[in-house]
Amino acid sequence: MSAPASRWRSPLTGRVLVHDTPYSLAAIGERWPVVDGIPYLRIESEGLVAVALDHLDAGCPDDALVALLTDQDAWWTGPATDLTELKRLVRERDALTLREAMALLRMGPVADYFAYRWSDPTYLAGLALIEAHWTQPSTAFELACGIGHYLRELTRAGVACLGADVVFAKCWLAKHWVAPAADYVVFDAAAAWPVAEQRFDLVMCHDAFYFLPDQPRVAERLRDATAPGGVLAVSHLHNVGVAGGAKGPARSGAEWHALFPTAQVHDERALLCALMKQTAPPTTDWRDAPVIEAWSLVEGGGEPRAITGGVAMPAEGATLRRNPLIGDDGEVEWPSPRYRDEYAAGCFWALSDDALRFDADDVRLRRVVDLPERW
């Protein structure tokens, strides 16, 4: 999926951005860096934009890359990056594993979330949501794409994908380690979108919408990006009424319904069970039931279908490896208590066969997983 020169619009003025050099986009009175093929279009980052452009103009693209890898989102509370470590990351990027790269970026618990996401229940439920409402899309757009887990599956299914995130480092990791066939762009969801005139058959926001700012506006922009006859998929919307309390920002069912009044709604747990049992996931409503941790939804598309294969399962011919969270002795080795507390209850692969209430093979359970080559 190659980007034509007229593809992007300024997040400040809405003007068409065109390449004034191979590594920058410009309109009257403004200029933006493109590093490793990823446009950096964050507003209120004028200083970082200027530094990156200075390095690019001086013929030092690796220095521009290091500069953008220091950037983070507004709610980041982890440690700051270290320039020495970032320079090593850039210098050795063709040899390092994904986990080594995330360590040099000092991603902390987020690195665990990304490294082991291949079998976490939230991710699998998101795959189930896509597959249950699959319409043979030719193009897809994902807001808050992270390091490209979903884009990896979609591009391997022949879908031309564009991923967007507010953090440059995440898109860069996706491009080099996880989903290299996708395109990427960095921008703020609450600002004007540089993809404002593009339409996609499948538009997604997985495990991220609940913490985005200005959610009513973002919901409308997601709809605007969805082509006629296309599907909008949003997963993992926390229920404020769940027993024990929501694991993140949450709304009541009535509040989510106000944002997505025409959506087909699923209990996320039901999506996961449908994937395991190869059935069609039932729809539900926005009841504040204490057993519903999170909802997922689609707008557009038809009735959900049985999840027997497709993007919800590893690609044909994939090299499968033992789930890295299962030790040599068969015992689960959680990366942290935080990760265990967040995901263990939904990890069917961590249960013994005797404890399962359905039949599923190791591939569907994710006792074996399809990891990136340089995981």
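Picking from residues in the stretch 82-122 that are of a type outside the set (A, V, I, L, M), over 16 Å from HIS149 (Cα atoms) and open to solvent by 70 Å² or more (accessible area, probe 1.4 Å), the one that is farthest from the chain's Cα centre (by Cα) is THR84.
Within the stretch 203-228, being in contact with a Gly (Cβ under 7 Å, 6 or more places away or on another chain), open to solvent by 10 Å² or more (accessible area, probe 1.4 Å) and outside any helix (DSSP H, G or I) holds for ASP207, THR226.
For the residues THR308, THR279, THR319, THR283, the requirement of being free of Cβ contacts under 8 Å to residues at least 40 places away in the same chain, over 30 Å from SER252 (Cβ atoms) and of a type in the set (Ser, Thr, Tyr) singles out THR308. Please determine, by comparing only the residues of the stretch 187-211 that are among the small types (Gly, Ala, Ser) and out of contact with any strand residue (DSSP E or B) (no Cβ under 8 Å at 6 or more places or on another chain), which one is farthest from GLU46 (Cα to Cα). Filtering first and then ranking leaves ALA190.
Before we move on, is GLY47 assigned to a loop (DSSP other than H, G, I, E, B) and open to solvent by 20 Å² or more (accessible area, probe 1.4 Å)? For GLY47, the condition - assigned to a loop (DSSP other than H, G, I, E, B) and open to solvent by 20 Å² or more (accessible area, probe 1.4 Å) - is not met. Restricting attention to the stretch 171-183 and to residues that are open to solvent by less than 30 Å² (accessible area, probe 1.4 Å) and without any contact (Cβ under 8 Å) to a residue 60 or more places away in the chain, the residue that is nearest to the chain's Cα centre (by Cα) turns out to be ALA174.
VAL291 meets each of the listed conditions (1) aliphatic (A, V, I, L, M); (2) open to solvent by 20 Å² or more (accessible area, probe 1.4 Å); (3) closer than 28 Å to ASP341 by Cα; (4) not in a loop (DSSP other than H, G, I, E, B) apart from (4).
Of all the numbered requirements in (1) under 28 Å from ALA250 (Cβ atoms); (2) surrounded by 13 or more Cβ atoms within 10 Å (Cβ to Cβ), ARG338 misses one, and that requirement is (2).
Per-residue answers, yes or no, for (1) under 18 Å from LEU371 (Cβ atoms); (2) in a helix (DSSP H, G or I):
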{"site": "THR81", "(1), (2)": "no, no"}
{"site": "LEU86", "(1), (2)": "no, yes"}
{"site": "MET107", "(1), (2)": "yes, no"}
{"site": "TYR113", "(1), (2)": "yes, yes"}
{"site": "LEU124", "(1), (2)": "yes, yes"}
{"site": "ALA164", "(1), (2)": "no, no"}
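The values are calculated or read from the model by the stated rules, or taken from the named source; none is laboratory data. Keep in mind that what you see is a predicted model, and the values were worked out from it rather than measured. With ideal geometry, Cβ positions are generated from the backbone for all residues, glycine too; neighbour counts draw on all protein chains shown. Remember, those area values only see protein heavy atoms, side chains included, never the ligands or the DNA or RNA. Shrake-Rupley method; radii C 1.70, N 1.55, O 1.52, S 1.80 Å.
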